[in-house]
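Beneath this line is the structure, given in structure tokens, with notes to follow.
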Amino acid sequence: MARSQTGDFEMDNDASPVLLDRLVRALPRNALLVGDAMDPRYQEDRRGGQSARPRFVARPSTTEEVAACLAACNEFGQRLVVQGGRTGLAGGHRVNDGEAVLSTERMTELGEVQPLSRTLLASAGTPLQAVQETADAAGYQFGVDIGARGTATVGGNVATNAGGIRVLRYGMFRAQVAGLEAVLANGTVLSALRGLDKDNAGYDLNQLFIGSEGTLGVVTRVLLRLHPKPIEAANALLAVPSLEAALRLLERLRGAVGSGLSAFELMVSQVYDGVTEFLGMARPVAARQPFYVLAEVQSFHEDHAIERFSTCLMEALEDGLAEDAIVSQSPREFQSLWTMREACADFVHSKDNIMGGDISVPLHCMWTFLEASREAVQRVDPESEFLIFGHLGDGNLHYVIRTPLAHEAMQLVYRLAAESGGSIAAEHGIGIDKKRWLALTRSETEVATMRQLKAALDPRGILNRGRIFDS
Ligand SMILES: Cc1cc2nc3c(=O)[nH]c(=O)nc-3n(C[C@H](O)[C@H](O)[C@H](O)COP(=O)(O)OP(=O)(O)OC[C@H]3O[C@@H](n4cnc5c(N)ncnc54)[C@H](O)[C@@H]3O)c2cc1C
């Protein structure tokens, strides 16, 4: 189809002309893209997967327009994939053959901070960074931070229940949602933006949409919780002799600064060596050890949390839990350590033959799991390289393997993570890419119940069909 607002459609795809005509009437000018107007960005995929060309791209800017668009597509049985910032790492936003795109890129309205209730209303397409900056300007802090903050959207964050670097203190995205508005596949609007701390009037339907990866409805607006801004923060990088030492260090820091501990990240030496070289930066700590930990503390009162943090790290050095350490002394040093940590993803993706699994394992099983998985992968390919990094404090690691037999090796890692009582999808979701492994961490009855929910809310299966599980 090559016409948008008026005149006849010329057929160049399979979308129904009657449906397109209806969408043209329901949406404002430029909100419907067809033919050459659909630029290739709608087919972008960070994991390098193949995205089909969408039948059309609908870009509503209000809840009412989303509702009109869904109602029309539902009537015509037109399948849609929802796209936010397309930074997802499980292929959920990838376009399957025959699908159209519903993009939230024009839904970027951001409300004002409500100081008494400490909330902020954001439309689904608002980039996470805009939320963080608005909260910061009003003297608050937003609890979730991820490397893709500039592009990832609030709607995508809700749909994937994003995690990131400060889950240890603030929880995942679910914990930031005070209210939510979503549109069901048939166009019904469910608006629950009440923001009440206490509200037990029946089912909390909002919870259904958080982490549902766009399969149950389109998130249109979110009432977000804000947190007090710390008066001070510091981070430290430590070279650590073993995973056991890293876990003992975590335990000690929790004891020393309690909930002031806001991040506890791990890099294996191959990642630390590689990322510093990749960035062309001097190694912040020179000692060569198998593991490196990046820890962060936030201080909220005159509680001397940063002093206690530094003292705890000194004692850890004396007791051999770390061989070398640096504590940031300025905002520049603080940021430079985080920049290095965030570049880990780009560094590993600059390598060939890599495959990454986003696993979580109970902390008390982490050491056994890492040993067992290393042995299992090396049986597949003794030359395998392990490029592991991630959010150790939450039991969540990005388990990246470099081998030409990556699929076979990753299968073993997922199996062992599940056998350790862990998850094969800690924070990125199942999407399309991890469907084949869902049964490792969800029982048949759990998956059957998910299917029943999907059938109840989207009986024609038009929304993100084939994500999480096959229909
Ligand atoms: C460099 C980098 C670092 C990252 N770091 C982290 C991290 O630390 N922690 C983490 O959890 N993730 C991380 N991610 C993954 C990604 O940023 C998150 O999954 C993010 O929440 C996706 O948001 P998005 O707007 O890009 O969603 P998209 O990629 O567009 O979509 C993701 C899924 O959500 C659905 N969706 C999108 N918007 C809506 C909506 N409004 N309503 C319903 N469904 C919707 C899509 O259909 C798809 O299934 C990272 C990604 C990159 C590239």
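The values are calculated or read from the model by the stated rules, or taken from the named source; none is laboratory data. This structure is a prediction, so every number in the text was calculated from the model and none was measured. Ideal geometry is used to build each Cβ from the backbone, glycine not excepted, and the neighbour counts take in all protein chains shown.
The table that follows gives values for the structure above.
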| item | result |
| --- | --- |
| All positions within the range 337-388 that are among the basic types (K, R) and either away from the ligand (no atom under 16 Å from the Cβ) or under 17 Å from L168 (Cα atoms) (or both) | R341, R374, R379 |
| Candidates D145, D136, D197, D97, filtered to the one that is near the ligand (Cβ under 9 Å from one of its atoms) and among the acidic types (D, E) | D145 |
| Hey, V377 in contact (Cβ under 8 Å) with a residue 12 or more places away in the chain and over 20 Å from the mean Cα position of the chain (by Cα) or not | yes |
| Check on T215, out of contact with any Pro (no Cβ under 9 Å at 6 or more places or on another chain), over 23 Å from D394 (Cα atoms), among the polar types (S, T, N, Q) and within 16 Å of the ligand (Cβ to nearest atom) | yes |
| Meets criteria (in contact with a Lys or Arg (Cβ under 7 Å, 6 or more places away or on another chain) and either closer than 30 Å to M355 by Cβ or within 12 Å of the ligand (Cβ to nearest atom) (or both)) for G91 | yes |
| Which listed residue is within 26 Å of V400 (Cβ to Cβ), surrounded by 23 or more Cβ atoms within 10 Å (Cβ to Cβ) and of a type outside the set (D, E), from L266, L247, L279 | L266 |
| N161 being farther than 18 Å from D458 by Cβ, polar (S, T, N, Q) and more than 10 Å from the ligand (Cβ to nearest atom) | no |
| Flag if R41 is more than 8 Å from the ligand (Cβ to nearest atom), out of contact with any Leu (no Cβ under 9 Å at 6 or more places or on another chain) and not in a loop (DSSP other than H, G, I, E, B) | yes |
| Residue count for the range 283-299, restricted to those that are surrounded by 15 or more Cβ atoms within 10 Å (Cβ to Cβ) and in a loop (DSSP other than H, G, I, E, B) | 5 |
| Some residue of the range 113-129 being part of a loop (DSSP other than H, G, I, E, B), within 9 Å of the ligand (Cβ to nearest atom), at pLDDT 95 or above and not assigned by TED's automatic domain parsing to the domain that holds L184 | no |
| Hits in the range 389-445 (condition: charged (D, E, K, R), closer than 24 Å to S471 by Cβ and within 16 Å of the ligand (Cβ to nearest atom)) | D433, K434, K435 |
| Of all residues making up the range 71-88, the number that are more than 11 Å from the ligand (Cβ to nearest atom) and crowded, with 23+ Cβ neighbours inside 10 Å | 2 |
| So A426, is it in contact with an Asp or Glu (Cβ under 6 Å, 6 or more places away or on another chain) and in contact (Cβ under 8 Å) with a residue 40 or more places away in the chain | yes |
| Output for the range 156-177, where each listed residue is of a type in the set (G, A, S) and out of contact with any Lys or Arg (no Cβ under 9 Å at 6 or more places or on another chain) | A159, A162, G163, G171 |
| Scan of the range 365-386 for residues that are farther than 18 Å from I424 by Cβ and not hydroxyl-bearing (S, T, Y), ordered by number | W367, E371, E375, Q378, R379, D381, P382, E383, E385 |
| The range 148-163, subset touching a Gly at 6+ places or on another chain (Cβ under 8 Å) and among the small types (G, A, S), residue farthest from H391 (Cα to Cα) | G155 |
| Near pairs, Cβ below 9 angstrom, 6+ apart or cross-chain, from the range 163-175 (under 16 Å from A295 (Cβ atoms)) to any residue that is within 13 Å of the ligand (Cβ to nearest atom) and among the basic types (K, R) | G164/R149; I165/R341 |
| Test: T160 is buried (at least 17 other Cβ atoms within 10 Å of the Cβ), touching a helix residue (DSSP H, G or I) at 6+ places or on another chain (Cβ under 8 Å) and among the hydroxyl-bearing types (S, T, Y) | yes |
| Close pairs from the range 26-52: first buried (at least 17 other Cβ atoms within 10 Å of the Cβ), partner of a type in the set (F, W, Y) and at pLDDT 95 or above, Cβ under 7 Å, at least 6 apart | L32/F56; L33/F56; V34/F56 |
| Helices (runs of 4 or more DSSP H) within the range 323-403 that include 1 or more residues basic (K, R) and not assigned by TED's automatic domain parsing to the domain that holds Q289 | 366-380 |
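Okay, residues lined up against (1) touching a helix residue (DSSP H, G or I) at 6+ places or on another chain (Cβ under 8 Å); (2) surrounded by 15 or more Cβ atoms within 10 Å (Cβ to Cβ):
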residue: A409; (1), (2): yes, yes
residue: R415; (1), (2): yes, yes
residue: I424; (1), (2): yes, yes
residue: R436; (1), (2): no, no
residue: S443; (1), (2): no, no
residue: D458; (1), (2): no, yes
residue: N464; (1), (2): no, yes
